[in-house]
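These notes are about the structure you will find just below.
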Amino acid sequence: MAQHNNPYNGIAELDETHLIIQLRSMIAEEFEAANLYQQFAAVIKDDVIRKQVLDIANEEIVHAGEFSALLDRLTEEDGILIQQGMEEVWEEN
């Protein structure tokens, strides 16, 4: 079995700044996992297995949304900046 170190070992509690940083990291890691699973699914011949792996990839994107909602509880700034970025793309297209 793989050995994993607990990055929070010895930390009693994260302050808000570090909690925000960790949530952003978790969001990125969920998307990274989704990308990995989608790449894996692309080379699976078995339809049942491929569909299940794609379903798991979609669950990772849902997790990213859940972490994003938690991040939004702590800071509105990220949501505002994301919205600005989206509007810039919509204006250009």
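Values as computed for the structure displayed
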{"item": "Glu87-Asn6 pseudo-label distance in nm [points 7 Å out on the Cα-to-Cβ vector]", "result": "4.4 nm"}
{"item": "Pair-distance profile P(r), taking every C-alpha pair of the chain, with 10 angstrom steps and integer %", "result": "14, 29, 33, 19, 5, 0"}
{"item": "Kyte-Doolittle mean at least 0.0 and Cα axial length at least 18 Å: DSSP H helices in the chain", "result": "16-42, 47-74"}
{"item": "By accessible area with a 1.4 Å probe, ligands and nucleic acids excluded, highest first: order of Ile80, Ile56", "result": "Ile80, Ile56"}
{"item": "Debye, to nearest 20: dipole size of the stretch 1-86, +1 on Lys, Arg Cβ, -1 on Asp, Glu Cβ", "result": "400 debye"}
{"item": "Contour excess over end-to-end distance, with Cα ends at Ile80 and Leu14 and 0.36 nm allotted per residue", "result": "21.4 nm"}
{"item": "Dipole of the chain, positive direction: furthest Cα of Gln39, Ile21, Val89, with charges on the beta-carbon", "result": "Gln39"}
{"item": "The chain: relative contact order in percent, alpha carbon pairs under 8 Å with at least 6 residues between", "result": "31 percent"}
{"item": "Per-pair calculated FRET efficiency, R0 = 41 Å: Asp72 and Ile44 via Cβ, rounded to 0.05", "result": "0.70"}
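The values are calculated or read from the model by the stated rules, or taken from the named source; none is laboratory data. From a predicted model like this one, the values you see are computed outputs, not experimental measurements. Here Cβ is always computed from backbone atoms with ideal geometry, including for glycine, and neighbour counts include all displayed protein chains. These area figures cover heavy atoms from the full protein model, side chains too; ligands, DNA and RNA do not enter into them. Shrake-Rupley method; radii C 1.70, N 1.55, O 1.52, S 1.80 Å.
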